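Single-structure report; data block below.
The values are calculated or read from the model by the stated rules, or taken from the named source; none is laboratory data. None of the values given here were measured: they were computed from a predicted structure. Note that we place each Cβ from the backbone using ideal geometry, even for glycine, and neighbour counts take in every protein chain shown. Please note that ligands, DNA and RNA were not included when accessible areas were found on the heavy atoms of the full protein model with its side chains. Shrake-Rupley method; radii C 1.70, N 1.55, O 1.52, S 1.80 Å.
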Amino acid sequence: MTATTFVNGRVFTGESETAFASAFRIVDGLVDWVGEAADVHDTDAVDLGGRTVLPGLIDSHTHPALLAGTAVAVECFPPAVRSVDDLVAVLRSHAATVTAADGWVLGRGFDDTKFPGGAMPTAADLDRVSTDRPVLVWRCDAHSAVCNTVALEVAGISATTPDPEGARFERDADGCPNGILTEIAAVDAVAAFIPAPSRDEQVDAIVAIGDELASRGIVAVCDLLSSRIDRPLDTFRAAAERGLRTRVALYPGWDPAAPLDDLGPDDRDGPIRVAGVKVVLDGAYSNRTAWVHEAYPGSCDHGLRLVDDDDVLAAGEWARRNGVQLAVHAMGDRALDRVVELFEGQEPWLDGIPSVRIEHATIVSDAYLARLRAARMRFGIATHTVFFFAEYDGYEKALRVEQVPDAYPIARLYAGLDPLALSSDRPATAWSGADDVMLSVEAAVRRRTYNDVEFGPEASITVPQALLLYTSRAARLSPLEGVGRLAPGLDGSFAVLDRDVFSVPDDEISAVRVVETWIRGERVYRRAQA
Ligand SMILES: [Zn+2]
């Protein structure tokens with residue numbers, strides 16, 4: 001038996017907004033006792049030095065498999081990349097490191113809404129990176145990309161190629177593809193030609209992502225896969241054998257053309273498990289492809305609906321039959337309404353957690369939340385305050401004026417629906433370090449954007465409230481076990497902070513750093529001294 005007692009901490013237990021302790025004990029990886037340091041007489045106890053401790057954090061909507069499958073892509077996120085010229089420069093210097101003569105030059109994360117004039121890069125721009133090698137860079141929302149002329153040729157996309165269903169090859173005036181690939185089916189038509197990393201490289205990349213997550217205090221994630229690595233469950237389990245300590249809930253994507261196999265007996269159990277299936281109902285507000293009732297300002301465009309009702313229902317049937325969740329990407333108000341219409345009358349198929357998760361949920365009224373609560377179905381929501389922080393420019397153009405302060409209404413969501421989580425959606429958020437939990441907490445508390453614009457401050461919540469959305473409330477959104485609170489019987493997983501996030505000034509929350517992360521009684525991360 002290994003027992004370690006920790007004393008003299010300011011320990012947020014995750015039980016409630018006001019539940020703090022000062023000591024706890026971990027026995028064989030699990031929390032055994034939580035209480036007050038005055039009751040501890042163990043002379044070997046670890047002194048936390050008065051530091052603030054949080055339960056191990058949960059990122060309820062992120063994409064480690066997508067990162068692992070494209071680990072060779074260079075980061076092109078703001079604030080480093082703020083123009084087409086910046087983008088070309090970053091890709092050019094990255095190209096110099098790609099040694100294979102015909103190797104793809106890949107990047108991710110550019111946000112054209114932050115470029116002067118909002119100019120979207122095209123193949124002509126990326127031809128400045130290379131005219132003999134394929135170049136592709138994903139937009140920050142990961143739903144769109146731009147590629148160069150060679151990449152279009154490799155993929156066989158020309159003026160006569162029809163658009164894929166629910167997606168577009170953007171074209172110039174005479175119909176020639178201009179390199180802009182709008183929505184996933186168009187991106188995939190080119191990305192399918194990128195050589196996949198070897199299985200070994202994928203496994204190593206996942207282990208490295210686990211280390212990065214630990215540096216954020218994150219001990220459990222839901223992977224809402226939107227790009228497939230080989231056999232995700234086996235690959236993540238292989239990574240666990242190689243040292244990944246993160247708990248992972250996988251949500252493979254629903255593809256109407258290639259239905260998923262039913263799950264095997266142990267696929268839903270253990271620290272790495274299949275937790276659901278994900279269907280993408282619409283696009284994203286930041287590029288005006290979310291499916292909306294009222295047309296986007298200055299247009300008659302209602303965004304994109306990516307799959308029809310039958311597909312959403314078929315994904316739901318698969319989830320019901322396999323005893324896992326259905327996760328529906330729905331951003332636009334019309335997509336959100338459709339999710340409820342399709343499922344509100346159905347019998348929930350899971351106990352304790354929502355059978356249907358709604359991902360993103362940008363525009364949510366009180367009436368909508370009341371409808372979710374009144375439904376026979378049990379719903380939950382994963383949302384992101386980091387979206388408006390990072391992508392304000394896109395939202396400002398896509399939302400009607402009165403909608404701006406009311407987007408991602410986190411106070412209303414907090415009060416209105418219990419299974420609720422804040423999350424990063426990394427790398428589909430236009431900011432480097434989007435998985436920094438403290439950045440997201442500050443955005444929820446201050447409701448300000450990266451360029452210091454107020455974004456509906458009346459919708460703000462407090463630090464303890466925001467942290468519950470990374471701990472116990474998040475734990476009630478998915479079947480991740482053992483995480484979310486520091487309580488007897490749960491994992492001895494926690495993060496130690498360098499400053500007290502509960503008492504720093506609001507505008508210093510995002511500067512708070514994780515100094516140590518422990519997973520099941522073992523220290524897995526320690527911040528290097530500055
Ligand atoms: Zn996502």
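Cβ separations smaller than 6 Å between residues 6+ apart or across chains give the following pairs from the stretch 321-341 residues that are farther than 15 Å from residue 311 by Cβ and among the β-branched types (Val, Ile, Thr) to residues that are open to solvent by less than 10 Å² (accessible area, probe 1.4 Å) and within 16 Å of the ligand (Cβ to nearest atom): 324/275; 324/276. Being among the β-branched types (Val, Ile, Thr) and open to solvent by 10 Å² or more (accessible area, probe 1.4 Å) is the filter; apply it to the stretch 123-157 and report the residue that is farthest from the ligand (Cβ to nearest atom). Of everything passing the filter in the stretch 123-157, 131 is farthest from the ligand (Cβ to nearest atom). Scanning the stretch 346-388 for residues being in a loop (DSSP other than H, G, I, E, B), open to solvent by less than 10 Å² (accessible area, probe 1.4 Å) and hydrophobic (A, V, I, L, M, F, W, C) gives a total of 3. Return the residues of the stretch 89-122 that are buried (at least 22 other Cβ atoms within 10 Å of the Cβ) and under 18 Å from residue 191 (Cα atoms); say none if nothing qualifies. Passing the criteria: 91, 104, 105, 106, 107, 109, 110, 121. Restricting attention to the stretch 85-143, the residues being charged (D, E, K, R) and in contact (Cβ under 8 Å) with a residue 40 or more places away in the chain number 7.
Every residue, every condition in (1) more than 23 Å from residue 111 (Cβ to Cβ); (2) more than 16 Å from the ligand (Cβ to nearest atom), yes or no:
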| position | (1), (2) |
| --- | --- |
| 183 | no, no |
| 207 | yes, yes |
| 210 | yes, yes |
| 218 | yes, no |
| 235 | yes, yes |
| 262 | yes, yes |
| 282 | no, no |
| 285 | no, no |
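If you take the residues of the stretch 252-272 that are touching a residue at least 60 places away in the same chain (Cβ under 8 Å) and in contact with a Phe, Trp or Tyr (Cβ under 9 Å, 6 or more places away or on another chain), which of them is surrounded by the fewest Cβ atoms within 10 Å (Cβ to Cβ)? Here the residue is 262. Residues that are in the same structural domain as residue 223 (by TED's automatic domain parsing) and surrounded by 23 or more Cβ atoms within 10 Å (Cβ to Cβ) number at least 3 in none of the strands (runs of 3 or more DSSP E) confined to the stretch 445-530.
When the residues of the stretch 408-431 are filtered to those that are more than 15 Å from residue 473 (Cα to Cα) and of a type in the set (Ser, Thr, Tyr), the one that is farthest from the ligand (Cβ to nearest atom) is 408. Among the conditions (1) over 27 Å from residue 520 (Cα atoms); (2) at pLDDT 95 or above, the only one that residue 211 does not satisfy is (1). Of the strands (runs of 3 or more DSSP E) lying entirely inside the stretch 96-171, those containing at least 3 residues that are at pLDDT below 95 are 105-110. Looking at 34, 53, 11, just one residue is modelled with pLDDT of 95 or more, open to solvent by 10 Å² or more (accessible area, probe 1.4 Å), on the phi < 0 side of the Ramachandran plot and outside any loop (DSSP other than H, G, I, E, B), and that residue is 34.
The set of residues in the stretch 49-80 that are charged (D, E, K, R) and more than 15 Å from the ligand (Cβ to nearest atom) comprises 51, 75.
Note on the stretch 287-309: residues that are outside any loop (DSSP other than H, G, I, E, B) and open to solvent by 50 Å² or more (accessible area, probe 1.4 Å) amount to 1.
Inspection of the stretch 198-207 identifies at least one residue that is assigned to a helix (DSSP H, G or I) and under 17 Å from the mean Cα position of the chain (by Cα).
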